[in-house]
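A quick write-up on the structure given underneath.
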Amino acid sequence: MKDKLDNIRVLVNQRKFKKALQLLKKYTPPNKPCHYECLILEAQCLTYEANDQLGYLKFQQALKLTDNILEQKHCLDNMAASAERLGKQAEALYCLKHSLQLDGSAKSAHQRFSLLKLAQALNDPATVEQYAPPLLGLSQYHLAVTLLLAETASQSGQQQQALDCLQQLITDIITGDRLKTTPEEVQRVLNACHQLLPEKKARSLSHALESSDTKHLAPVLSQTKVRTGFTPSPKHSNNSPVSISGNNPAAQRVLSELVAELQSLGAEFTPHLMLLVEDGNLSVRLNTASESSGQCVGIPFSAMPIVSDYHFSLAQNFTLQTQPKHKMLNPSAARVMQLMTTLYNACNKLSDWRNSYPLFALAGCKALFSKLISARSDHEKFRPYYVEVGEELNNETLLESFFASRVLGVAAEQVSTWTGNSCDTEQLVFIPLAELTNHQMGAPRFQFDSKKRHFSSYYNAGKAGREIFAQYNFNDPMLSVLMYGFADTSASWLYSIPLHFTSPSGLTFDIANELQMADRDKLPANIADLAEFIPGVVKRTDDHIYISKLVIPAISNFDSLKRCISASLLAVDIDGRFKNPEMLSAEVGQIEQQVINANQQYWRELSILVSEHTQTISAQALEILDRLCHFSTAQIQAYQKNRVSNAILNE
């Protein structure tokens, strides 16, 4: 057996992992007990082949077969590495704790540092404080660990402790006793001062460093921007700096890494861009006033993670776990996806979404839930979001709803062209940083530049410090509630609810509310201004007409509904009945009345149901639904009032 294992070791050293696995399977029949050496070799091959899940299990089995401390530690360290790659940070932390219990000497410094980073990502300050001290004073880790302690203290509200850590680092840099620093490391310390401390104290520490007359610091300081709040590393100095501020040090640290990674992949950022983190809320802002619009962020496709490239799961406390698949369409974005996952967790995004999304708040309120989603033609896709009181929500459903507002579809042909990998279906992609831009109707739309292979967001003219918004889709307030979890009443119109009826002329109508818009370039000149309102699909079969959407507009576009109905009827007038202007006008009026009456009834019934659940749903969800009902009811009432007034004037 020893000779056989030696042969397998040779194959492993030659990185012939598949061949090694075949021999291991041959030498270890399923009915015979596994040998420690065989399990270790198998685990190594599996992890090199990117099968971390099975590799973890094999290391775990090997751990149970040995009493040797070094062998146990070897298994635990590898289990931790596999768990971290699988996105199972809590399991990785558990393994490293046990590994350090076996050997906590300086030989395990790397594992100890990995443990600290995991503990910080999991918001576990007690573990950081417990395991950090042995690394202080070790030149390779002293600076990074002290910064980590400062960030953890700040995140826990211990501002004096954070200040003490940073003051000690400044002293260590000046004296040079405990560490020798590079310009990049000094800049990291200064960035941390500005991110974690009040501006006055941050400037005081910066001044102490700048005014130092220590000779060994002169060449370092000459390459360091002492008074900046955030400066990219020299590797990315060709791009505009991005300011990162807020009260969540863990999230700010990840954002800094994410910006640097995106810049290395060719991302573009407008000057004076600011990313603000307030607890778990993120926003994109501009630090300067501008008189015209311009590009805010440009993200290359190589930096956009594709949803189908990853396995997503949830651990305890709604911690997101992400594992890259073995075969990926866009592997260059793997590090970006890892950082985005860490950012979501640092901001408790999944936990907040679970607690705030209105549909999840309607547990046990089935009649209200069903009535709410019935406003949409695609209501069945929201059906799985309902649970009874005390029933657990499926994690896949939670992830699906969370990602739905953060991804955009890219055509298969574009994906194939841009990645060089074969793709035959539309792909959903994340747009890092750009997806942090909050939705608002009327704001600039995201745009793809097929030549540059860039995805860009834009800003309008405005004052300094303003938040930058983006219009994700042509959404009314109902859609913004269902997709994003809030009622965006900046829209000045409503999609009609789905309808089925027969008009007095004998035609039957199915009216949906699909999001597909008409192609502006193909519209006749007389209705080109209706591009956003006119249905993308109108079909007629015998006496049945399908209209993909109708929109109830604001008073400023009052005639758009009637014009859309008229254009739809004329587009499918196969029997020529609507060549008669009077017949066309009568049919349009009948359909318009049907639409208004049905929508008035829907919002009246929904408002009553909401009022009946004031004690059974959360105050936040109640406020969102109240706002939605009030806006929509007022919108239809205003339309109907104007319609009646016009009818009187025309008599």
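The values are calculated or read from the model by the stated rules, or taken from the named source; none is laboratory data. Given the structure is predicted, the values throughout are model-derived calculations rather than measurements. Counting neighbours? That spans all protein chains shown, and the Cβs are built from the backbone with ideal geometry, glycine included. Ligands, DNA and RNA are excluded from the accessible area calculation, which covers all protein heavy atoms including side chains. Shrake-Rupley method; radii C 1.70, N 1.55, O 1.52, S 1.80 Å.
Surrounded by fewer than 19 Cβ atoms within 10 Å (Cβ to Cβ), of a type in the set (Ser, Thr, Tyr) and not in a helix (DSSP H, G or I) - does that describe any residue in the range 543-558?
Yes, the range 543-558 has at least one match.
A quick yes/no check of all residues on (1) in contact (Cβ under 8 Å) with a residue 24 or more places away in the chain; (2) touching a Phe, Trp or Tyr at 6+ places or on another chain (Cβ under 6 Å); (3) surrounded by fewer than 21 Cβ atoms within 10 Å (Cβ to Cβ):
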position: Lys325; (1), (2), (3): no, no, yes
position: Pro331; (1), (2), (3): no, no, yes
position: Tyr344; (1), (2), (3): yes, no, no
position: Leu350; (1), (2), (3): yes, yes, yes
position: Gly364; (1), (2), (3): yes, no, yes
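Residue by residue through the range 48-86, note down the ones that are over 20 Å from Ala334 (Cβ atoms) and assigned to a loop (DSSP other than H, G, I, E, B).
Lys64, Leu65, Thr66, Asp67, Asn68
With the condition kept exactly as written, say whether any residue in the range 106-119 is within 17 Å of Val189 (Cβ to Cβ) and either at pLDDT 90 or above or not charged (D, E, K, R) (or both). Steps first, answer last, please.
To start, the set of residues in the range 106-119 that are within 17 Å of Val189 (Cβ to Cβ) comprises none.
The answer is no, given that none of the residues of the range 106-119 is within 17 Å of Val189 (Cβ to Cβ) and either at pLDDT 90 or above or not charged (D, E, K, R) (or both).
Given the conditions (1) assigned to a strand (DSSP E or B); (2) in contact (Cβ under 8 Å) with a residue 60 or more places away in the chain; (3) open to solvent by 30 Å² or more (accessible area, probe 1.4 Å), report the number of the one that Arg253 does not fulfil.
For Arg253, the failing item is (1).
Looking only at the range 626-649, decide whether some residue is in contact (Cβ under 8 Å) with a residue 24 or more places away in the chain, assigned to a helix (DSSP H, G or I), within 21 Å of Leu359 (Cβ to Cβ) and basic (Lys, Arg).
Yes, some residue in the range 626-649 is in contact (Cβ under 8 Å) with a residue 24 or more places away in the chain, assigned to a helix (DSSP H, G or I), within 21 Å of Leu359 (Cβ to Cβ) and basic (Lys, Arg).
So in the range 594-625, with the set limited to residues that are out of contact with any strand residue (DSSP E or B) (no Cβ under 9 Å at 6 or more places or on another chain), of a type in the set (Gly, Ala, Ser) and part of a helix (DSSP H, G or I), which one is farthest from Phe486 (Cα to Cα)?
Taking the candidates together, the pick is Ser611.
Scan the range 407-436 for residues that are more than 27 Å from Thr270 (Cβ to Cβ), open to solvent by less than 40 Å² (accessible area, probe 1.4 Å) and either part of a loop (DSSP other than H, G, I, E, B) or among the basic types (Lys, Arg) (or both) and jot them down.
Cys423
Determine, yes or no, whether Glu49 is charged (D, E, K, R) and modelled with pLDDT of 85 or more.
Details: charged (D, E, K, R): yes; modelled with pLDDT of 85 or more: no.
Answer is no for this residue.
Here are some conditions: (1) open to solvent by less than 10 Å² (accessible area, probe 1.4 Å); (2) out of contact with any Ser or Thr (no Cβ under 8 Å at 6 or more places or on another chain); (3) not in a loop (DSSP other than H, G, I, E, B). Ser457 meets all but one. Which one does it not meet?
Only one criterion in (1) open to solvent by less than 10 Å² (accessible area, probe 1.4 Å); (2) out of contact with any Ser or Thr (no Cβ under 8 Å at 6 or more places or on another chain); (3) not in a loop (DSSP other than H, G, I, E, B) is unmet by Ser457, namely (2).
Out of everything in the range 368-392 that is outside any helix (DSSP H, G or I) and over 21 Å from Ser611 (Cβ atoms), what residue ends up being most open to solvent (accessible area, probe 1.4 Å)? Even if it seems obvious, please write down each step before you answer.
If we filter the range 368-392 for residues that are outside any helix (DSSP H, G or I), which is where we start, we get 374-378, 386-392.
Still in the running and over 21 Å from Ser611 (Cβ atoms): 376-378, 387-388, 390-392.
On the way: Arg376: 7, Ser377: 49, Asp378: 57, Val387: 9, Glu388: 82, Gly390: 78, Glu391: 96, Glu392: 155 Å².
Here the answer is Glu392.
Starting from the range 6-24, take each residue that is in contact (Cβ under 8 Å) with a residue 24 or more places away in the chain and list its partners that are among the aromatic types (Phe, Trp, Tyr), counting only C-beta distances under 9 angstrom and pairs at least six apart or across chains.
Hits for this filter: Ile8/Tyr27; Val12/Tyr48; Arg15/Tyr48; Phe17/Tyr48.
Kindly evaluate Ala153 against the criterion of being assigned to a helix (DSSP H, G or I), among the aliphatic types (A, V, I, L, M), out of contact with any Lys or Arg (no Cβ under 8 Å at 6 or more places or on another chain) and open to solvent by less than 10 Å² (accessible area, probe 1.4 Å).
On the way: assigned to a helix (DSSP H, G or I): yes; among the aliphatic types (A, V, I, L, M): yes; out of contact with any Lys or Arg (no Cβ under 8 Å at 6 or more places or on another chain): yes; open to solvent by less than 10 Å² (accessible area, probe 1.4 Å): yes.
Answer is yes for this residue.
If Ile636 satisfies every condition in (1) modelled with pLDDT of 95 or more; (2) closer than 30 Å to Asp529 by Cα; (3) of a type in the set (A, V, I, L, M) but one, which is the exception?
Going through the list (1) modelled with pLDDT of 95 or more; (2) closer than 30 Å to Asp529 by Cα; (3) of a type in the set (A, V, I, L, M), Ile636 breaks only (1).
Which one of these is open to solvent by less than 60 Å² (accessible area, probe 1.4 Å), among the charged types (D, E, K, R) and on the phi < 0 side of the Ramachandran plot: Asp172, Asp164?
On the way: Asp164 fails: open to solvent by less than 60 Å² (accessible area, probe 1.4 Å).
Exactly one of Asp172, Asp164 is open to solvent by less than 60 Å² (accessible area, probe 1.4 Å), among the charged types (D, E, K, R) and on the phi < 0 side of the Ramachandran plot, namely Asp172.
One line per residue, one yes/no per condition, for (1) aromatic (Phe, Trp, Tyr); (2) in contact with a strand residue (DSSP E or B) (Cβ under 6 Å, 6 or more places away or on another chain); (3) farther than 27 Å from Phe59 by Cα:
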| residue | (1), (2), (3) |
| --- | --- |
| Leu96 | no, no, no |
| Gln101 | no, no, no |
| Thr127 | no, no, no |
| Tyr131 | yes, no, no |
| Leu135 | no, no, yes |
| Tyr141 | yes, no, yes |
| Leu148 | no, no, yes |
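Return the residues of the range 484-502 that are outside any strand (DSSP E or B), at pLDDT 90 or above and surrounded by fewer than 17 Cβ atoms within 10 Å (Cβ to Cβ); say none if nothing qualifies.
Listed by number, the list is empty, since nothing qualifies.
Does at least one position in the range 126-133 carry a residue that is farther than 26 Å from Leu54 by Cβ, open to solvent by less than 20 Å² (accessible area, probe 1.4 Å) and without any contact (Cβ under 8 Å) to a residue 24 or more places away in the chain?
Filtering the range 126-133 down to residues farther than 26 Å from Leu54 by Cβ leaves 126-133.
Now drop any that are not open to solvent by less than 20 Å² (accessible area, probe 1.4 Å), which leaves 127-128, 132.
Applying the additional criterion that residues be without any contact (Cβ under 8 Å) to a residue 24 or more places away in the chain yields 132.
Yes, the range 126-133 has at least one match.
Enumerate the pairs (first residue in the range 517-535 and farther than 16 Å from Asp559 by Cβ and part of a helix (DSSP H, G or I); second residue anywhere and of a type in the set (Gly, Ala, Ser) and open to solvent by less than 100 Å² (accessible area, probe 1.4 Å)) with beta-carbon separation below 6 Å, excluding pairs fewer than 6 apart on the same chain, so at least 6 apart or on different chains.
Once the first residue is farther than 16 Å from Asp559 by Cβ and part of a helix (DSSP H, G or I) and sits in the range 517-535, its partners that are of a type in the set (Gly, Ala, Ser) and open to solvent by less than 100 Å² (accessible area, probe 1.4 Å) give Arg520/Ala531.
So, Leu569, is that one in a helix (DSSP H, G or I) and either closer than 21 Å to Ala363 by Cβ or open to solvent by less than 20 Å² (accessible area, probe 1.4 Å) (or both) or not?
Yes, satisfied.
Counting only residues that are polar (S, T, N, Q) and assigned to a helix (DSSP H, G or I), which one in the range 393-406 is surrounded by the most Cβ atoms within 10 Å (Cβ to Cβ)?
Ser401
Output the number of residues of the range 515-574 satisfying the condition of being in contact with a Phe, Trp or Tyr (Cβ under 7 Å, 6 or more places away or on another chain) and small (Gly, Ala, Ser).
Of the residues in that region, 2 qualify.
Any residue that is crowded, with 17+ Cβ neighbours inside 10 Å and either in contact (Cβ under 8 Å) with a residue 24 or more places away in the chain or on the phi > 0 side of the Ramachandran plot (or both) - is there at least one of those in the range 575-585? Please lay out each step first, then the result.
So in the range 575-585, the residues crowded, with 17+ Cβ neighbours inside 10 Å come out as 578, 584.
Then keep just the ones that are either in contact (Cβ under 8 Å) with a residue 24 or more places away in the chain or on the phi > 0 side of the Ramachandran plot (or both); that gives none.
Checking the range 575-585: not a single residue is crowded, with 17+ Cβ neighbours inside 10 Å and either in contact (Cβ under 8 Å) with a residue 24 or more places away in the chain or on the phi > 0 side of the Ramachandran plot (or both).
Restricting attention to the range 640-650, which residues are of a type outside the set (A, V, I, L, M, F, W, C) and loosely packed, with under 15 Cβ neighbours inside 10 Å? Give the derivation first.
The first filter runs over the range 640-650 and keeps only residues of a type outside the set (A, V, I, L, M, F, W, C), leaving 640-643, 645-646, 650.
Within the range 640-650, Lys641, Asn642, Ser645, Asn646, Asn650 meet the criteria.
Of the conditions (1) assigned to a helix (DSSP H, G or I); (2) open to solvent by 40 Å² or more (accessible area, probe 1.4 Å), Ser108 fails just one. Which one is it?
(2)
Looking only at the range 603-639, which residues are under 35 Å from the mean Cα position of the chain (by Cα), surrounded by 20 or more Cβ atoms within 10 Å (Cβ to Cβ) and hydroxyl-bearing (Ser, Thr, Tyr)?
Residue satisfying the conditions is Ser632 alone.
Could you tell me whether Leu149 is of a type in the set (A, V, I, L, M) and in contact with a Cys (Cβ under 9 Å, 6 or more places away or on another chain)?
Numbers: of a type in the set (A, V, I, L, M): yes; in contact with a Cys (Cβ under 9 Å, 6 or more places away or on another chain): yes.
When the stated conditions are applied, Leu149 passes them.
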